[in-house]
Amino acid sequence: MSKYIIAKTATISIKNYAQGNVFIQMDLPMSYSLLDLIQIIKMYSNYDDTYDWSFINPNEKDKNLSLRNDFEKIDKIRFDEYRNITPAINCIYGPIEMEIGVRGHLKYRKVYPTIYQAVGCFPTEEEFVKNIKIPDIDGKYTILGKSLPSASHLINTDLIEYGEKLKKYFKNKYKISSETIESFFGTENALIKK
């Protein structure tokens, strides 16, 4: 029997900037850790660790985690375990709130994500200070009189370069073992660190 891990099509969107239409879509192994999800976002956005990273499962508030306070947990807990039956989880970096949702079901024979599209761009950390003021009554951040970045600058070469960075990083980090495990989404081969 050939080795495979379970993946789903993941969407990472920003909920409170540019009307929530900034997103990345890719096939993503569900056995990645929450720290892996941070790395995927950092590679795309060029964010670092200026602000804390935190995760919220809207259906299970007791699962809230912060990178600064819970580094070991974030490094070890699998995305499928953290997400459980919740349709989407939230990842927060400073004033930016992202939603990570998944759908579909794939038997996946790669250790790296496959990027399909990215629409728009994440605001830079400098824009956090310049363009975002106090949250309004709905909890959304208000953009000060400035046109938002368009998606047209994100051409295929940018996505290819991003995909190559993901491929290199995750191929150097993981391999699919012959050991099978029972995960939240079913039986799969274990994804282990090299």
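The values are calculated or read from the model by the stated rules, or taken from the named source; none is laboratory data. Here the structure is a predicted model, which is why all the values come from computation and not from measurement. Here Cβ is always computed from backbone atoms with ideal geometry, including for glycine, and neighbour counts include all displayed protein chains. Side chains are part of the model used for accessible areas, which takes the heavy atoms of the whole protein and leaves out ligands, DNA and RNA. Shrake-Rupley method; radii C 1.70, N 1.55, O 1.52, S 1.80 Å.
Report in % the part of the accessible area of segment 33-94 that belongs to carbon and sulfur, leaving out ligands and nucleic acids; probe 1.4 Å.
Here carbon and sulfur together make up 49 percent of the probe-accessible area.
Can you give me the long-range amide H partners of Ser33? Hydrogens built in the peptide plane at 1.01 Å from N, cutoff under 5 Å, separation of 5 or more residues or another chain.
Amide H to amide H, under 5 Å and 5 or more residues apart or across chains, Ser33 pairs with Phe79.
Sequence-distant or interchain residues sharing an amide H contact under 5 Å with Tyr116, placed H: which?
Here the answer is Gln25, Met26, Asp27, since their amide H atoms fall under 5 Å of that of Tyr116.
Taking amide hydrogens as modeled 1.01 Å from N in the peptide plane, which residues meet the under 5 Å criterion relative to Gly94, leaving out close sequence neighbours?
Asp52
P(r) tail for segment 23-128, what percent of Cα pairs lie past 18 Å?
Numbers: 2677 of 5565 pairs.
Beyond 18 Å sits 48 percent of the P(r) for segment 23-128.
If I model a spin label at Asp75 and Asp48 as a point 7 Å from the Cα along the Cα→Cβ vector, what separation in nanometres do I get?
Inter-label distance under the simple model: 2.0 nm.
Among the chymotrypsin sites (Phe, Trp or Tyr not before Pro) within segment 50-135, which fall in a DSSP loop and have no more than 13 other Cβ atoms within 10 Å of their own Cβ?
Numbers: sites: Tyr51, Trp53, Phe55, Phe71, Phe79, Tyr82, Tyr93, Tyr108, Tyr116, Phe128; in loops: Tyr51.
Filter output for segment 50-135: empty list.
Calculate, in nm to one decimal, what Ala190 and Ile85 gain on full extension: separation in residues at 0.36 nm each, minus their alpha carbon distance.
In short, 35.7 nm is gained.
Using the Cα atoms of segment 1-66, I'd like the radius of gyration and the largest Cα-Cα distance, Dmax, both in angstrom.
14.0, 46
If you split all Cα-Cα distances of segment 56-118 into 5 Å bins from zero, what percentages do you get per bin, shortest first?
In whole percents, the pair-distance histogram is 3, 13, 23, 24, 20, 13, 4, 0.
Are there trypsin sites (Lys or Arg not before Pro) in segment 1-77 that DSSP puts in a loop and that have at most 13 other Cβ atoms within 10 Å, and which ones?
Of the trypsin sites (Lys or Arg not before Pro), the ones in loops of segment 1-77 whose Cβ has at most 13 other Cβ atoms within 10 Å are Arg68.
Would you list which aspartates and glutamates come within 16 Å of Lys167, measuring only between C-alpha atoms, while excluding same-chain residues fewer than 8 positions from it?
Answer for Lys167, where 16 Å is the Cα cut-off: Asp27, Asp36, Asp158, listed by chain and number.
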